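Participant: Questions regarding the structure given below will be posed in turn.
The values are calculated or read from the model by the stated rules, or taken from the named source; none is laboratory data. In this text the structure is predicted, and so the values were computed from the model without any measurement. When we count neighbours, we look across all protein chains shown, and the Cβ atoms used for this are built from the backbone with ideal geometry, even at glycine. Please note that ligands, DNA and RNA were not included when accessible areas were found on the heavy atoms of the full protein model with its side chains. Shrake-Rupley method; radii C 1.70, N 1.55, O 1.52, S 1.80 Å.
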Amino acid sequence: MTTTIPAGAATGPAPGPSLGARRRWTVLAVCALSMFLIGVDTTIVNVGLPAIGRGLGTDTRGLEWVVDAYTLVLASLLIASGALADRFGRRRVFRCGLAVFGLASLACALAPSLGLLVAARAVQGVGASMLSPVALAIVVNAMPDPRERARAIGIWASVFGLSMAAGPVIGGSLIAAFGWRSVFWINAPVVVGALVLVAVFVPESRGQRARRLDLPGQLLLTTALCVSVGVLIEGPRIGWASPAALACYAVAAAATAAFARVELRRPEPLIDLRLFRRPPFASAVLGAVAVFASLSVSLLLTTLYLQDARGWTPLAAGAATLPLALGATVCAPWSGSLTGRLGPRRPLLLAGGFTAAGGLCMVGVGPGPDTSVPLLLSAYLLIGIGFGFANAPLTHTAVGGLPPSRAGAVTSTARQVGSAVGIAVAGALAAGVAPDGLARASRPGWLLVTACGLTLFAVARASAKEPGPRPPRSAV
């Protein structure tokens with residue numbers, strides 16, 4: 001997910017009455033609260049997966065769907081939700097998203113079975129897709145001064161980065177005190193408070209030009225993403241060469257080819273595929289997938305290893321990710337500053353190096369207490385630092401010389417796709433593995449994290465071909 005300026009927000013619609021300074025920053029606080037909720041919900045469930053599995057009697061494969069049902073729907077609908085907000089009003093769509101997200105959270109908390117939980121998580125993703133792109137457009141529209149707007153986007157980026165990293169810690173605390181259903185109950189009072197604040201403080205706004213909805217493209221994109229990730233999740237169960245798997249491969253390939261054909265012919269495509277002709281942009285999208293895949297792999301393998309293999313409580317496992325949260329929180333603003341002064345290459349090299357080093361530290365982890373806790377914490381810190389350094393230069397490289405609304409929408413989707421793929425791969429490695437075999441089974445996953453870090457070196461090389469440095473439009 002990215003915080004680039006959405007369509008219609010940078011230039012804005014014809015501005016209404018100017019908001020006072022206090023109200024402008026109140027609008028930012030309200031929207032940042034909602035964004036914090038979405039970021040936390042992306043990762044908070046990870047630490048609760050073993051408890052959910054015991055409570056609902058499901059295995060690792062089912063637990064993957066609990067995470068990816070949310071992420072896939074969010075990834076699929078991000079761009080369309082922004083277009084709806086530009087057409088029908090940002091505050092209206094934002095409030096609708098909050099309501100859908102809140103009701104779906106209650107359904108998750110009450111779900112008596114895995115199937116209903118997965119369905120409710122998918123509806124949560126629908127609500128979340130109406131929040132993350134729309135809330136930033138509201139903030140940018142409320143901040144007419146460029147310097148004030150840049151400061152607001154920086155705060156926004158920090159809040160999102162903190163929320164993603166803090167999710168496991170918050171989740172572990174809630175589960176220890178109230179059980180796994182509390183990670184969904186907690187959303188209800190936050191959503192109610194946000195709805196009241198939005199009604200009181202947030203003005204209505206629309207895009208300067210309403211974008212057309214690309215329904216064929218939306219359907220094909222959703223099909224391609226869901227089938228591709230679905231076969232990764234179900235592959236260990238159905239067999240990678242089974243007739244069902246082969247049919248999934250064919251459907252995913254056909255949907256992807258049809259999507260490319262449709263998008264190249266539409267005057268206002270869902271995703272402008274011509275952007276990928278620019279190597280820096282294409283490499284930045286690949287880098288976004290790699291960064292969020294590495295984060296998702298790290299969080300899921302950590303959760304399963306610490307709780308199942310080493311017998312840690314959810315609270316202890318969540319606390320173990322504090323170094324990751326610390327590294328991400330401290331290095332994200334530092335990365336934004338470095339990117340603005342020196343360009344994206346050096347922060348990307350740092351991100352790649354730290355991520356690869358963290359992955360390598362975890363490759364040799366043993367099944368029991370033989371592996372020292374300081375080594376684990378050091379590895380999580382390295383991965384967090386890599387995550388913190390990565391996002392600002394990736395956004396800078398993606399939007400360099402392009403309208404940010406076009407490039408940012410694609411990188412937003414790429415981040416969520418990376419998260420979904422990371423969960424699917426990590427779950428496939430751990431599916432059906434006994435607790436004493438988790439460390440060994442996880443090694444390919446940690447090698448994947450290392451490879452994702454090395455991928456950023458290639459992105460850094462491509463970014464060096466861009467013109468001289470300019471301040472990034474976002475930090476996450």
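Participant: For a quick check of your reading of the model, give me the residue pairs whose first member lies in the range 365-382 and is of a type in the set (Gly, Ala, Ser), whose second is at pLDDT 80 or above and in a helix (DSSP H, G or I), with beta-carbon atoms closer than 6 Å and at least 6 apart or on different chains.
Facilitator: Filtered contacts from the range 365-382: 366/439; 379/358; 379/361; 379/362.
Participant: Got a number for residues in the range 383-427 being open to solvent by 10 Å² or more (accessible area, probe 1.4 Å) and modelled with pLDDT of 85 or more?
Facilitator: Matching residues across the range 383-427 total 5.
Participant: If you go through the range 217-240 one residue at a time, how many are open to solvent by 30 Å² or more (accessible area, probe 1.4 Å) and modelled with pLDDT of 90 or more?
Facilitator: Within the range 217-240, residues that are open to solvent by 30 Å² or more (accessible area, probe 1.4 Å) and modelled with pLDDT of 90 or more number 7.
Participant: Does residue 103 satisfy the condition of being in a helix (DSSP H, G or I), open to solvent by 30 Å² or more (accessible area, probe 1.4 Å) and farther than 27 Å from residue 293 by Cα?
Facilitator: It is true that residue 103 is in a helix (DSSP H, G or I), open to solvent by 30 Å² or more (accessible area, probe 1.4 Å) and farther than 27 Å from residue 293 by Cα.
Participant: Another question about this same structure. So for the range 53-63 (the condition being free of Cβ contacts under 8 Å to residues at least 40 places away in the same chain and assigned to a helix (DSSP H, G or I)), does at least one residue qualify?
Facilitator: Yes, the range 53-63 has at least one match.
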